[in-house]
Amino acid sequence: MTNHAAGPFDVKVTAQNDNTDEPLLNRMTLDKQYHGDLDAIGKGQMLTAGTEVKGSGAYVAIEKVSGVLKGRNGSFVLQHTGTMNQNVPQLAIVVVPDSGTDQLKGLTGKMTINIAADGKHFYDFEYSLPNP
C-alpha cells in the first residue's frame with residue numbers, strides 16, 4: 001500500500017574546502033530539518049558539477065534521515081540525483097533499498113522537492129512500509 005507524507009523543510013548547505021583547482025566541481029554538507037508528516041533531521045554529503053553554460057550542471061547526494069514518519073520511529077537513507085539542462089531541472093530522490101531501521105524497516109519510496117518563489121522548501125514523499 002502506498003502512503004503519502006508532505007510538509008516543509010529547512011536546509012543548510014555548507015561548502016567544503018577540498019583544496020582543488022577544479023572550480024566547477026564542489027563538495028558540500030547538508031543539514032536538514034523536516035517538518036509535517038516527517039519530523040526528522042537529515043545529514044548528508046553532496047557533490048556538484050557546474051558547466052560553462054549558466055543554468056546547467058548536476059549533483060548527487062546521500063542523506064541519512066532520522067526521526068518519525070507518521071508515528072513510526074527510525075532512519076533511512078535517500079539517494080539524490082539531479083541535473084539542470086539550461087534551467088530545466090530533473091531530480092530523482094529514492095530510498096536506498098534496505099536502509100530503513102527500527103519501525104521503518106522495509107521502507108521503500110521516492111521524494112520530490114518543490115521550492116516556492118519565496119525560497120521555502122517543501123517535500124512530497126510517496127512511500128510503502130510493511131504492516132507493523
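The values are calculated or read from the model by the stated rules, or taken from the named source; none is laboratory data. Note that the structure is a prediction, hence the values are computed from the model and not measured. Reconstructed Cβ throughout: ideal geometry from the backbone, glycine too, with neighbour counts over all protein chains shown. In case anyone asks, the SASA skips ligands and DNA or RNA and just uses the protein heavy atoms, side chains included. Shrake-Rupley method; radii C 1.70, N 1.55, O 1.52, S 1.80 Å.
Do you know which residues across region 48-67 are surrounded by 15 or more Cβ atoms within 10 Å (Cβ to Cβ) and either farther than 22 Å from residue 108 by Cα or of a type outside the set (Asp, Glu) (or both)? Outline the logic, then answer.
Within region 48-67, the subset surrounded by 15 or more Cβ atoms within 10 Å (Cβ to Cβ) is 48, 50, 56-59, 61-67.
Selection gives 48, 50, 56, 57, 58, 59, 61, 62, 64, 65, 66, 67.
Being farther than 20 Å from residue 13 by Cα, open to solvent by 80 Å² or more (accessible area, probe 1.4 Å) and touching a Pro at 6+ places or on another chain (Cβ under 8 Å) narrows it down to one residue among 105, 70; which is it? Reasoning before the result, please.
Details: 70 fails: touching a Pro at 6+ places or on another chain (Cβ under 8 Å).
Only one candidate passes the filter, namely 105.
Among the numbered conditions (1) farther than 30 Å from residue 103 by Cα; (2) in contact (Cβ under 8 Å) with a residue 40 or more places away in the chain; (3) of a type in the set (D, E, K, R), tell me where residue 21 comes up short.
Single failed check for residue 21: (2).
Mind checking which pairs have a first residue in region 24-42 that is touching a residue at least 24 places away in the same chain (Cβ under 8 Å) and a second that is in a loop (DSSP other than H, G, I, E, B), Cβ under 7 Å, 6 or more apart or different chains?
Qualifying pairs under 7 Å: 24/51; 37/70.
Within region 73-90, work out how many residues are surrounded by 13 or more Cβ atoms within 10 Å (Cβ to Cβ) and out of contact with any Ser or Thr (no Cβ under 7 Å at 6 or more places or on another chain).
Adding up the residues that qualify gives 7.
What are the pairs with Cβ atoms under 8 angstrom where one residue, in region 110-132, is over 15 Å from residue 32 (Cβ atoms) and open to solvent by 100 Å² or more (accessible area, probe 1.4 Å) and the other, located anywhere, is of a type in the set (Lys, Arg) and assigned to a strand (DSSP E or B)? Sequence gap at least six, or different chains.
Short answer, once both residue conditions are applied: 132/72.
Conditions: (1) assigned to a loop (DSSP other than H, G, I, E, B); (2) among the basic types (Lys, Arg); (3) surrounded by 15 or more Cβ atoms within 10 Å (Cβ to Cβ). Residue 32 meets all but one. Number of the miss?
(1)
Output the number of the condition that residue 48 fails; it satisfies all remaining conditions of (1) assigned to a loop (DSSP other than H, G, I, E, B); (2) over 22 Å from residue 130 (Cα atoms).
Failing condition for residue 48: (1).
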